[in-house]
Amino acid sequence: MLKKISTLKPVWYYQESLSLIVVIVKLNLSAIQVGETAIIQALHGDPALHCRLEALGFSTGKSVMVIRRGRFGGPMQVRVGMTDVILRLSDAARIDIQQKPAPAAP
Amino acid sequence: MKRIALIGMPNTGKSTLFNRLTGASARVGNWPGITVDLMTAKIILGSSIVQIVDLPGIYSFHGFSEDEKVVRDFLENNHVDQIVIIIGATQIDRQLPLALQVIRLGIPAVVILNMEDEARQLGISIDTQRMGDALQASVILASAKYGAGFNEITQTLIARLNQPSTHRTAHLDAVFSEDHAIEASTASILEAAVQMPKLLPEGITTRLDRICLHPWLGLPLFFLLMFLLFQFIFTLGKPIQDGVAWLLAEVRTQGLEPWTSDWPPLLQGFLLDGIYSGVGTVAAFVPIIILFFLVMTLVEDSGYLSRVAFLMDALMARLGMDGRSFVMLLMGFGCNVPALMGTRVMRSHSLRLLTMLVVPFSLCSARLQVFLFITAALFTIKTAPAVLFSLYLLSFASALMTALLFKGRYVSNEPFVIELPPYRLPTCRQIMMRGWHEVRHFLRRATRFITAGVIAVWFLTHFPTDVPPASAETLAGHIMAFLKPVLSPIGIDAELGLALIFGFVAKEIVVGSLAAIYGLEGDALMGLMAQKLDWVQAYSFMLFTLIYVPCLSTVATLRSESRSSAFMWMTVIWSLLLAWSVCFAFYQGARWLEF
């Protein structure tokens with residue numbers, strides 16, 4: 001079964017000396033599924049969004065857990081530290097993340 | 001006089017703390033940005049009178065919202081002797097930076113770690129002594145909701161205010177350049193003084209959210225909940241309302257009529273048919289309004305509104321707004337004015353304008369009075385709740401349709417990132433204080449707007465004095481003859497039309513002015529209206545009342561919040577146009593279908 005990952009934007013690079021095309025896909029928060037945890041790599045977006053995210057506890061290196069996703073393309077609920085936050089997918093796409101492997105079952 | 005300012009993030013119980021310190025009743029809400037006006041109160045601390053200012057909840061000093069600007073402006077332009085920083089103890093990890101920012105302003109500060117009860121339940125332990133040493137400020141654990149730690153707070157404040165202060169107003173520029181230092185101190189203070197559990201225990205909030213935010217059940221549950229609350233208010237309020245109406249009628253027939261019987265007829269008519277009938281008919285609805293506000297407070301303070309924002313955002317995004325706009329619509333059910341002011345949490349001006357354009361369509365408590373009266377007069381007890389519910393749906397429909405039509409004009413790309421606070425059960429004290437606040441507000445309006453409005457109606461319908469009251473020869477009759485071509489196609493007769501004109505001032509006057517126009521009150525007035533009108537006319541009247549300009553206060557608020565007279569006039573004209581068109585379509589359609 002295929003997972004929809006349409007929110008990811010690939011960036012294409014061309015290495016001239018080696019004649020190599022490199023495609024880098026940066027994972028962002030909007031692509032994370034319910035129950036998965038990710039680590040924040042970078043915050044983008046305009047200063048206001050950046051500032052609000054920081055005040056709510058988002059910062060590089062912190063882990064984010066996706067609690068639920070709204071229907072009909074609605075917002076997602078995530079947990080950062082002790083705070084639950086709801087944010088639109090378009091805003092979540094401004095947060096670069098690195099996926100954390102799921103913890104092994106005890 | 002010494003001045004103390006309260007500062008803190010939204011959802012930290014800042015307003016509750018303010019209420020407990022001052023005994024006044026600011027609105028408290030579990031929704032970011034509820035306290036939009038600066039509330040102040042004077043209290044006695046030790047041997048001197050101190051002014052306490054409740055600043056709006058902010059996330060940081062760098063923020064870009066209206067509230068954050070208000071706080072910056074306040075601190076730069078006003079002398080503050082002592083600043084009280086309120087931190088939600090459960091979220092100390094992310095709220096501590098704000099405290100550090102504030103302390104660096106150089107104003108003597110006291111840090112209150114609020115919601116110590118919730119923190120204890122979650123297994124968070126905080127060493128206040130160590131934290132105080134690191135912050136160089138007093139740190140106090142407290143619970144604004146239950147009153148724990150308040151002795152210590154007042155003692156500390158008294159001791160601090162007695163020390164001579166040397167600082168002047170704050171210099172905010174200095175704080176902006178110290179971000180990295182603040183980040184480092186936050187980490188070291190948390191390390192030294194706070195112990196947090198690795199994983200949050202699964203609390204009641206998680207379990208409730210599984211139901212309330214369920215992908216399929218969430219929305220139907222919301223509508224069901226609204227309907228049930230509304231049924232509850234109606235069933236519980238109706239008998240109380242009947243009791244008050246009976247009491248007012250008894251006072252009139254047993255007390256006032258014999259007492260004034262030998263006064264000049266015109267004066268007696270003015271006092272009894274004018275003022276007493278008018279104000280009395282309105283007063284009968286006070287119990288339902290109080291109940292309504294108590295229930296609204298419970299919903300607002302519970303944290304459910306943020307869930308509603310989550311559920312409705314997908315739809316609202318398609319209408320050019322966001323989940324918060326929908327919450328403002330809901331708040332508008334109480335009163336449109338605070339709902340309009342609540343839009344200050346939005347940063348984008350377009351989004352604010354679009355939301356402010358739709359909020360006045362919310363069926364506020366004043367309009368509810370009119371509808372309760374008309375439905376009681378013309379519909380059976382069985383159909384009345386359905387009729388009222390249809391008006392609530394139409395209120396949403398007008399708002400959503402307006403947004404759809406105007407969203408092209410007000411395009412915004414405001415981020416939608418809000419906090420989801422845990423569910424909280426407000427204490428009885430919180431709800432009662434708020435209820436009292438609303439009653440006081442209503443009575444204040446009653447003494448000004450309603451009495452003045454009712455007196456004006458009585459004069460218009462009784463002058464000149466040599467013709468029958470409310471007939472075509474009175475001043476009111478002349479006004480109505482002028483408006484007849486506009487109002488008769490929508491089934492609104494002269495008397496109702498006059499009530500609508502007074503409704504411009506405030507909807508609370510509508511029922512009172514009907515009483516003054518007909519010179520009757522309570523059951524007698526309802527009986528007469530049932531004779532004179534059929535349900536199609538009555539429904540058309542209610543539709544018009546629902547959609548046209550809510551009241552002068554709302555119009556004034558629209559003007560001051562949008563800072564544009566053009567915008568204010570546009571909303572007024574649009575609502576009149578929409579009201580007339582909807583009524584025309586309804587009335588002519590119903591007549592064509594031979595109802």
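The values are calculated or read from the model by the stated rules, or taken from the named source; none is laboratory data. All of these numbers come straight from a predicted model, not from anything done at the bench. Cβ sites come from the backbone with ideal geometry, for glycine too, and all protein chains shown count toward neighbours. When the accessible area is computed, the model is the full protein with side chains, heavy atoms only, and any ligands, DNA or RNA have been set aside. Shrake-Rupley method; radii C 1.70, N 1.55, O 1.52, S 1.80 Å.
What the table shows:
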| quantity | calculated |
| --- | --- |
| For chain B, calculated [θ]222 nm from helices alone, where every DSSP H run of n ≥ 4 adds -39500 (n - 2.57) | -19000 deg cm²/dmol |
| Reach of B:LYS42 by Cα under 20 Å, taken over aspartates and glutamates that are not fewer than 8 positions away in the same chain | B:ASP54, B:ASP81, B:GLU152 |
| Intensity falloff of the range A:8-72 expressed as log10 I(q)/I(0), Debye formula with alpha-carbon point scatterers, at q = 0.11, 0.15, 0.28 Å⁻¹ | -0.40, -0.65, -1.23 |
| Mean projection area, nm², convex hull over Cα of the range B:531-595 | 4.9 nm² |
| DSSP bridge pairs, the protein assembly as shown: antiparallel proportion in percent, nearest 5 | 65 percent |
| Positive-end residue, the range B:56-128 charge dipole about Cα centroid, Cβ charges, pick of B:ASN114, B:LEU96, B:GLN82 | B:LEU96 |
| Accessible-area composition of the protein assembly as shown, carbon plus sulfur, in percent [1.4 Å probe] | 63 percent |
| Principal axis dimensions, the range B:259-372 - Cα atoms, whole angstrom, descending | 66, 29, 21 |
| Antiparallel bridges, percent of DSSP beta bridges restricted to the range B:42-159 (to nearest 5) | 35 percent |
| Mean shadow area of the protein assembly as shown, taken as a quarter of the surface of its Cα convex hull (nm²) | 39.3 nm² |
| Under the span-like rule (Cα at least 27 Å along the axis, Kyte-Doolittle mean at least 0.5), DSSP H helices of chain B | B:218-250, B:384-406, B:565-592 |
| Dipole magnitude (debye, nearest 20) for the range B:331-485, charges at Cβ of Lys, Arg, Asp, Glu | 540 debye |
| In the B-A interface, the accessible area buried, summed over both sides, Å² (probe 1.4 Å) | 2800 Å² |
| Average Cα contact separation per residue, chain B, under 8 Å, 6 or more apart, as relative contact order % | 13 percent |
| Rg/Rg_ref, the range B:475-595, where Rg_ref = 2.2 N^0.38 Å and atoms are Cα | 1.13 |
| Rel. contact order, % - alpha carbon contacts under 8 angstrom, at least six apart, chain A | 29 percent |
| For chain B, average projected area of the Cα convex hull in nm² | 30.6 nm² |
| Rough spin-label spacing in nm, given labels placed 7 Å along Cα→Cβ, for A:GLU36 and A:TRP12 | 2.5 nm |
